[in-house]
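As structure tokens, the structure follows; a few thoughts come after it.
The values are calculated or read from the model by the stated rules, or taken from the named source; none is laboratory data. Just so it is clear, the structure is predicted and the values come from calculations on it, not from any experiment. Counting neighbours? That spans all protein chains shown, and the Cβs are built from the backbone with ideal geometry, glycine included. Just so you know, the surface numbers come from the protein's heavy atoms only, side chains and all, with ligands and any DNA or RNA stripped out. Shrake-Rupley method; radii C 1.70, N 1.55, O 1.52, S 1.80 Å.
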Amino acid sequence: YGDYSQKIDYVFKVVLIGDSAVGKTQLLARFSRNEFSFDSKATIGVEFQTKTLIIDNKTVKSQIWDTAGQERYRAVTSAYYRGAVGAMLVYDMTKRQSFDHMVRWLEELRGHADSSIIVMLIGNKSDLASLRAVPMEDAEEFAQRENLFFMETSALESTNVETCFLTILTEIYRIHA
Ligand code: GDP
């Protein structure tokens, strides 16, 4: 009946950062388990989920880290960033402040992570279009200036979630494989 053991060609660590409540945990839940919850998470502490995908006929295991609440205490440590080859900077497109804080998060990231890290800016909650507080042009301009990929997503409606993870992982693969 064949060999069910899976040979992993690459393991890529990607970290999620951004203010509390922008939807980092739900983006990860959507990507890794195709789940979504309106409840805020119960656990505190760094956690990660893995998902294995095929890119260019190679088995790539993505290890996606979530701050799991630590951002509330400004306690994201250098251990969190260690070994990361990708980062997703997430803001809530209905909360201007969460976008304005992207500068700080990027600074924090660049201070801790390897300079070759691939970074994607994500405006989450695109399903709440009528509450938009961040024009797409502002985000595009920031992304262009800082050399980031950019995408708007909805973890609730599943819009662009798979695409944004695939985009960053494919880019990481292109650089590291
Ligand atoms: P985190 O603190 O950044 O990890 O944020 P969470 O993933 O815990 O999400 C915070 C709140 O926003 C929760 O109530 C989620 O259900 C909600 N949320 C997350 N993503 C979306 C989304 O795409 N659309 C909407 N409408 N709500 C979302």
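A compact table of results
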read-out	value
FRET efficiency, 1/(1 + (r/R0)^6) with R0 30 Å, evaluated for residue 163 and residue 38 via beta carbons	0.85
Contour minus Cα-Cα distance for residue 10 and residue 144 (0.36 nm per residue)	45.4 nm
Pairs from 61/125; 7/51; 13/95 whose Cα-Cα separation, in the structure shown, is over 23 Å	61/125; 13/95
Candidates per GluC sites (Glu not before Pro) in the stretch 108-177, loop by DSSP, up to 16 other Cβ within 10 Å	157
J(HN,Hα) series, the stretch 79-87, from Karplus relation 6.51 cos²θ - 1.76 cosθ + 1.60, nearest Hz, glycine and proline x	4, 4, 7, 4, x, 6, 9, x, 9
For the stretch 93-170: rounded, prolate or oblate by the Cα gyration tensor [a/c cutoff 1.5]	oblate
Within the stretch 94-113: backbone nitrogen closer than 14 Å to the residue 128 label point (7 Å, Cα to C-beta)	94-99
Portion, in percent, of the accessible area of the chain that falls on carbon or sulfur, probe 1.4 Å	48
Compactness of the chain as Cα Rg over 2.2 N^0.38 Å, two decimals	1.00
Selected from 78, 32, 98 as most flexible by GNM, with the chain as the system and alpha-carbon contacts under 10 Å	78
Label-point separation, residue 78 to residue 171 (7 Å along Cα→Cβ), nm	2.6
Part-to-part distance (alpha-carbon centres) for the stretch 119-143 and the stretch 10-29, which is given in Å	16
Cut-off under 5 Å, modelled amide H: who pairs with residue 152 long-range	123
Given charges at beta-carbon only (K, R positive; D, E negative), |dipole| of the chain in Debye	460
